[in-house]
1. What pairs come up if the first residue lies in region 251-264 and is on the phi < 0 side of the Ramachandran plot, the second is open to solvent by less than 20 Å² (accessible area, probe 1.4 Å) and part of a helix (DSSP H, G or I), and their beta carbons are under 6 Å apart, counting only those six or more places apart or on different chains?
2. Return the residues of region 176-197 that are crowded, with 18+ Cβ neighbours inside 10 Å and in a loop (DSSP other than H, G, I, E, B); say none if nothing qualifies.
3. How many of the residues making up region 136-155 are out of contact with any Leu (no Cβ under 8 Å at 6 or more places or on another chain) and either farther than 22 Å from ALA319 by Cβ or in a loop (DSSP other than H, G, I, E, B) (or both)?
4. So is VAL95 open to solvent by less than 10 Å² (accessible area, probe 1.4 Å), touching a residue at least 60 places away in the same chain (Cβ under 8 Å) and more than 22 Å from GLY162 (Cβ to Cβ) or not?
5. Starting from region 177-206, keep only residues that are closer than 17 Å to VAL62 by Cβ and among the hydroxyl-bearing types (Ser, Thr, Tyr), then list their pairs with residues that are open to solvent by 40 Å² or more (accessible area, probe 1.4 Å) and not in a loop (DSSP other than H, G, I, E, B) whose Cβ atoms are within a distance under 7 Å, requiring at least 6 positions of separation or different chains.
6. What number goes with the only condition from (1) under 26 Å from the mean Cα position of the chain (by Cα); (2) over 16 Å from VAL87 (Cα atoms); (3) at pLDDT 95 or above; (4) not charged (D, E, K, R) that GLY318 does not pass?
Amino acid sequence: MHEVPDFADSADNRPVDATVIERLRQVEGASVSTDTSFAELTTLRLGGVPAAVVRCATTEAVVAVVRLLDDENVPALIVGGGSNLVVADRPGPLVAVVIEADAVQMSTRGHGLESTSAIIEAEAGAVWDEIVQMSVDAGFGGLECLSGIPGSAGATPVQNVGAYGAEVSQVLDAVQLYDRATGEVEWVSPDSLELSYRYSNLKFTSRAVVLAVRFELSIDGMSVPLRYGELARRLGVDEAEAAAGEIRRPSDQVREVVLALRRGKGMVLDPEDRDTWSAGSFFTNPIIDEAQVEDVRSRVAERRGAEEAASMPVFPAGAGHPGRVKLSAAWLIERAGFPKGYPGQGAPARLSTKHTLALTNRGEAADGTPTTADDLVALARDVRAGVAAAFGVTLEPEPVWVGVSIDA
């Protein structure tokens, strides 16, 4: 994904030249629409109509289209599954480049009985959960905790997708990039991406486009070590054992439980369930200095009592964050006075009725007015300001913002 400036107030708010649109139509493997909205391209089902939407069926088409737009200085937004975008009702004169190249190949490293690992290589447009299902069906382990996450394969290294104690960085072998500055296509190692919690050096930049990803998985059909308490309990694993990081279970069993947990939180896409009309977990879990923990805890005690303050979840922030810890954004949101379903029946945008970390599009307000991106942005600002006022912690949104900002 790529950060796009706010064009609504741009002094250089010129429409995309019609000749550029016509040249895009000539790219082999690309199809162009000028009346498709972001509401049709995103899981939030919000956002207006860009200058054009270009669907690319091959990686060669992706490169040709992005190169053309860059040469013409036309802003381009790279879109996969659209599960991590908040787009303005008037997104401005940009072109959405939708990657639909979705070939997937599976192989092993080594030979026969001496094979050491499994390799899955997927083009960026491949549906992520279909890749996970394929890996589990093939008897591989490593992706099962990431089951049910919406979106495409190409987005996973950009934000280092993670869930239930696992991250893509644990199994990522290589990423194929189109470097927009040099025009080169090359495979790079995960080390070059500076991967950390929900971050890579590709996120919020326009330096490169992910064309394909390669994962190295186990061939024993067993999961990654189970470290997430809720998942471990559902699999009959003692939390203390899980904390040691050595317990594994068959990947198909783990996938089944993960999907059940995600469905219970409205985190598996369902067109009939408005709780899934979201961008998934909207805020990242805040990482703060260890020295700040007691201040936050004392604020919780003032608001909610000493017993609840003592139960505040605090986790290690992980490698790359010495002297820092991670808090639960969902826990803080609810304790700051934002319950599930906030602000209540009839609101056009609400917190999910199943999980406080998801901001959802309800389709319309009580008076029948369609939900707008501005409605969702207002809710995001309300929640973030409330948590900051209550506990002194500023939540950071996870999605990419296009033409709008959480900062008022």
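1. SER251/VAL136; SER251/GLU144; ASP252/VAL136; VAL254/GLU144; ARG255/VAL136; ARG255/GLU144; VAL258/CYS145
2. ARG180, LEU195, TYR197
3. Here the count works out to 9.
4. yes
5. TYR178/VAL185
6. For GLY318, the exception is condition (3).
A quick yes/no check of all residues on (1) at pLDDT below 95; (2) open to solvent by 20 Å² or more (accessible area, probe 1.4 Å); (3) of a type in the set (Gly, Ala, Ser):
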| residue | (1), (2), (3) |
| --- | --- |
| ALA349 | no, no, yes |
| LEU359 | no, no, no |
| GLY363 | no, yes, yes |
| ASP382 | no, yes, no |
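One line per residue, one yes/no per condition, for (1) without any contact (Cβ under 8 Å) to a residue 60 or more places away in the chain; (2) within 30 Å of ALA373 (Cβ to Cβ); (3) not in a helix (DSSP H, G or I):
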{"residue": "ALA319", "(1), (2), (3)": "no, no, yes"}
{"residue": "ALA330", "(1), (2), (3)": "yes, yes, no"}
{"residue": "LYS340", "(1), (2), (3)": "yes, yes, yes"}
{"residue": "PRO343", "(1), (2), (3)": "yes, yes, yes"}
{"residue": "ARG350", "(1), (2), (3)": "yes, yes, yes"}
{"residue": "LEU357", "(1), (2), (3)": "no, yes, yes"}
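The values are calculated or read from the model by the stated rules, or taken from the named source; none is laboratory data. Fair warning: this is a prediction, and the values are worked out from it, not measured in the lab. Note: ideal-geometry Cβ built from the backbone for every residue, glycine included; neighbour counts use all protein chains shown. Surface areas here come from the heavy atoms of the whole protein model, side chains and all, with no ligands, DNA or RNA. Shrake-Rupley method; radii C 1.70, N 1.55, O 1.52, S 1.80 Å.
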